[in-house]
1. Report for region A:107-264 the percent antiparallel among DSSP-assigned beta bridges with both residues inside it, nearest 5.
2. So for chain A: antiparallel DSSP bridges make up what percent, rounded to the nearest 5?
3. Can you give me the Cα centroid spacing of region B:36-60 and region A:37-78 in angstrom?
4. What is the packing order of peptides A:178-184, A:58-64, taking the mean over residues of other C-beta atoms within 10 Å and listing the highest first?
5. In a shell of Cβ-Cβ distance under 14 Å around residue B:13, excluding residue B:13 itself, what net charge do Lys and Arg (+1) and Asp and Glu (-1) give?
6. Among B:167, B:107, B:84, which one shows the highest mean-square fluctuation when chain B is modelled as a Gaussian network with alpha-carbon springs under 10 Å?
7. Using only atoms on other chains, find how many Cβ atoms lie within 10 Å of each Cβ of peptide A:230-239 and report the average.
8. Report the local net charge at residue A:256: Lys and Arg +1, Asp and Glu -1, summed over other residues whose C-beta lies under 11 Å from its C-beta.
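Taken together, the values in this text are just the output of simple stated rules run on the coordinates, not laboratory data. Worth saying up front: this structure is predicted, and the values here are computed from it rather than measured. Every residue, glycine among them, receives a Cβ derived from its backbone with ideal geometry; neighbour counts consider all protein chains shown.
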Number of protein chains: 2
Amino acid sequence: MAREITGFSNPLVKRVRSLREKKFRKAEGLFLAEGLRILTEAREEGVLPEMLFHAGSAHPLAADLIAAMEAAGGDVIETSPDILAKISGKDNPQAVVGVYRDRLTPLAKLDRAKADIWIVAQSLRDPGNLGTILRTGDAVGAGGLILIDDCVDPFSVESVRASMGALFTQSITQARWGEFTAWLRAGPGELIGTSLKAAQDYQEPRYHGPSFLLVGNEAQGLPETYEAECDLLVKMPMMGKADSLNAAVACAVMAYELLNQQRKR
Amino acid sequence: MAREITGFSNPLVKRVRSLREKKFRKAEGLFLAEGLRILTEAREEGVLPEMLFHAGSAHPLAADLIAAMEAAGGDVIETSPDILAKISGKDNPQAVVGVYRDRLTPLAKLDRAKADIWIVAQSLRDPGNLGTILRTGDAVGAGGLILIDDCVDPFSVESVRASMGALFTQSITQARWGEFTAWLRAGPGELIGTSLKAAQDYQEPRYHGPSFLLVGNEAQGLPETYEAECDLLVKMPMMGKADSLNAAVACAVMAYELLNQQRKR
């Protein structure tokens, strides 16, 4: 269904704009994704939004999105660049905004045999880090991201943006630590943590997939009991004054080591 | 000199708060750094702020900072937690805020023999990426960061925070591309770029230091003429749908490859 909205005070504009806040995302089970690149990546994964907002863009990728929405009977809303800017918080006349349904995969539905690398993040606080970790997961061919304890909302606008579309290619699972470890130990898999206390350099072990790479909170790192659960605790060389890397960077350096070892097997 | 400020409208409070904006940083040649961890890292590098604001913190690291400032005849200002929060934009009762002099190193003063890895960033737009790249540079023992063309201000509050103190351990240089290449070619060094068009996997070449790792703009990557100047163009394996990594992540994966090759030499 194609329709047009021209008023700032339209209830749908207000409702969509409210999805920038976590409590409304949670209440509706919906989230926002913005920009042709990310929405096109989602479409290529077979994921279309529930609603698509555009401002009459002439870009061929926008036309493709609109055509796909119309073929699927989706809700396409043409509006003014001003209203689109109000929804998206951006001044991009070519912008499109999609309203998507939450994409959480329950732990019980994860197929660990699907991939050799899985990323597990604990109490991650920064939405940019979360999105960047999803993007890295996509790059190394990870199966998905498992969020432990109180991580930042993976469906925030900042996280979706930083993921650059990987939110639609990586599965996302939320679990408590106890649930996760019970599930993990019910099948094959090595849990790998990075720690300042680790004796082993991260390039020393031969890793055997499926590898579950555990990334800790940005400020505190991993709790001791979580480190104790790891099958391997390793450290990256730190040649300078700092004793740690950014969480998304540490995750990527480890994930590429896992991938590189896979490539050489 | 120790003194106390109790009023929000104090001109010094306004002046320091103005350093959150680039134009005032530029006009004054000063910038802000916040938090005991970062200020302590700076002090351990022998760098003290011009002014230190605190709110009567009882933390031993705060006491160490105040003692070092007083021994050096620096300006220590005690204020209320509210005013400190106004300056720093944070609600941390243990916070300290330092006002530091700009730390730019002219290209002509860089000693390339000092380190085997140097990071060169071109038109970087995100202050978090810039700070994260500095932090990674510290971790891999890089000599410093060279900023080409119009990069985001390395002295922004976000960049300083993301660097976690590496702003004080890494040299920072600003240069135009032509100046940089003239300087680069006047001595030894390989310029290494990452590119989607590269035929070579990033683990294939044997790198010979000093390595100058060139990181492109987040959205556009490197301009073609810049890629053409590179001695080596390499690519990271991308196993998923995305065709690129976050700029700070790509930089870290490459930088650790350089470090790992160094470690095995």
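1. The antiparallel fraction comes to roughly 5 percent.
2. Bridges in chain A that DSSP calls antiparallel: roughly 25 percent.
3. One Cα centre to the other: 52 Å.
4. Most protected by this proxy first, the peptides run A:178-184, A:58-64.
5. With Lys, Arg at +1 and Asp, Glu at -1, the net is +2.
6. Looking only at B:167, B:107, B:84, the biggest GNM fluctuation is shown by B:107.
7. Working: counts 0, 0, 0, 0, 0, 0, 6, 8, 4, 12.
Average per residue, whole number: 3.
8. -1
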